[in-house]
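Here is the structure we will look at, set down as structure tokens.
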Amino acid sequence: MTEFGLTMFQTDYAIAPAALAEEAEARGFESLFLPEHTHIPASRETPWPGGGDLPKEYWHAYDSFIALAMAASVTKTLRLGTGIALLTERDPILMAKQVATLDHLSGGRVVLGVGAGWNVEEMRNHGVAFVDRWKVLRERLLAMRRIWTDEAAEFHGKFVDFDPIWAYPKPLQPGGPKVLMGAASRWTWRRIAEYADGWMPIYQNPERAAMAPVDYADGIQQTRAAWAEAGRKGEPDFSIFATTPNRRRIEALIEMGFNRVVFGLPAAGADEVLPLLDRYAALGFAING
């Protein structure tokens, strides 16, 4: 059975996180994924990959972990996802603590979507050079996994370096939550096989795609091949992110191998969002039969 989730830029002018989470769970959605940007540099030097002007929700978004904690407090089964968390902008020791705390208090419901980011000036404000972003992400994620699993965790790399530390609670999910990679380049598949647990590309509407097209079927095949070559057990998670409600296209994506479909919602009030939840829930039920 395919799982259906939701994503929205949770902003100071949209439906509140707790209210959205309650409504989502009541309609049978499996998950809620929240994106993040700590800020947007006013210079606006880096063009938005989506094309055109950058939507204002990018600099009005709540902190994703605080918003997800509110969502966790009013739900029992809804999975709590980041889509995506920018590891290039987060201290790994602090983020490991935030993720472990949220997972522990929510009963093991966290799914961690991660990415390196696209805004050169934004990550520069956090002390990370754009050219180093994937090396930084790798070390920070590997260090977080050590913190989640080891009694006295230590890590010694170029970008992350600390002697043995004690950090509790550990995540309720053994080894930490699933980590989904939000990227789609020729290096993505091996990165997933080395230090992630699945792939979460952004859906590109063929009528309005501003970015280079992604071959989703090939990406799934490449991920599985890299996974097997790395000797990983089980099956990678395949989630398609910010999907439009087109049944024919969704069924084609499921046929390719995606096990989770995440519908995109506008950063808007309840009067606009709740009818969309009804529509997406009905579509999900129809597809799953």
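The values are calculated or read from the model by the stated rules, or taken from the named source; none is laboratory data. The structure displayed is predicted, hence computed values, not measured ones. So basically every Cβ, Gly included, is an ideal-geometry build from the backbone, and we count neighbours across all protein chains shown.
Per-residue answers, yes or no, for (1) touching a Gly at 6+ places or on another chain (Cβ under 9 Å); (2) more than 20 Å from VAL99 (Cβ to Cβ); (3) surrounded by fewer than 21 Cβ atoms within 10 Å (Cβ to Cβ):
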site	(1), (2), (3)
LYS158	no, yes, yes
LYS178	yes, no, yes
GLU194	no, no, yes
GLU229	no, yes, yes
PRO266	no, yes, yes
Residues of the stretch 145-183 satisfying the condition of being closer than 23 Å to GLY115 by Cα, assigned to a loop (DSSP other than H, G, I, E, B) and either touching a Phe, Trp or Tyr at 6+ places or on another chain (Cβ under 8 Å) or of a type in the set (Asp, Glu) (or both)
LYS170, PRO171, GLY175, GLY176, GLY182
I'd like the residue in the stretch 269-289 that is out of contact with any helix residue (DSSP H, G or I) (no Cβ under 8 Å at 6 or more places or on another chain) and crowded, with 16+ Cβ neighbours inside 10 Å and, out of all such residues, is nearest to ILE254 (Cα to Cα).
GLY284
For residues that are assigned to a loop (DSSP other than H, G, I, E, B) and free of Cβ contacts under 8 Å to residues at least 40 places away in the same chain, scanning just the stretch 106-125, find the one that is nearest to the chain's Cα centre (by Cα).
GLY117
Within the stretch 38-53, considering residues that are within 22 Å of ASN205 (Cβ to Cβ) and under 20 Å from the mean Cα position of the chain (by Cα), the one modelled with the lowest pLDDT
GLY50
If we ask which residues in the stretch 250-263 are surrounded by 15 or more Cβ atoms within 10 Å (Cβ to Cβ) and over 18 Å from ALA183 (Cβ atoms), their number turns out to be 5
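Condition check ((1) crowded, with 17+ Cβ neighbours inside 10 Å; (2) touching a residue at least 40 places away in the same chain (Cβ under 8 Å)) across all residues:
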site: PHE4; (1), (2): yes, yes
site: ALA18; (1), (2): no, yes
site: GLU22; (1), (2): no, yes
site: ALA26; (1), (2): no, no
site: SER31; (1), (2): yes, yes
site: ARG44; (1), (2): no, no
Restricted to the stretch 46-66, and to residues that are closer than 21 Å to GLY5 by Cβ and of a type in the set (D, E, K, R), which residue is surrounded by the most Cβ atoms within 10 Å (Cβ to Cβ)?
GLU57
Please list, ordered by first then second residue, the pairs with beta carbon atoms under 7 Å, 6 or more apart or interchain, first in the stretch 164-181 and in contact (Cβ under 8 Å) with a residue 60 or more places away in the chain and farther than 14 Å from PRO92 by Cα, second surrounded by fewer than 17 Cβ atoms within 10 Å (Cβ to Cβ) and among the small types (Gly, Ala, Ser).
LEU172/GLY107; LEU172/GLY108; GLN173/GLY108
Exactly one condition in (1) of a type in the set (Gly, Ala, Ser); (2) surrounded by fewer than 16 Cβ atoms within 10 Å (Cβ to Cβ); (3) under 26 Å from GLY52 (Cα atoms) is not met by GLY182; state its number.
(2)
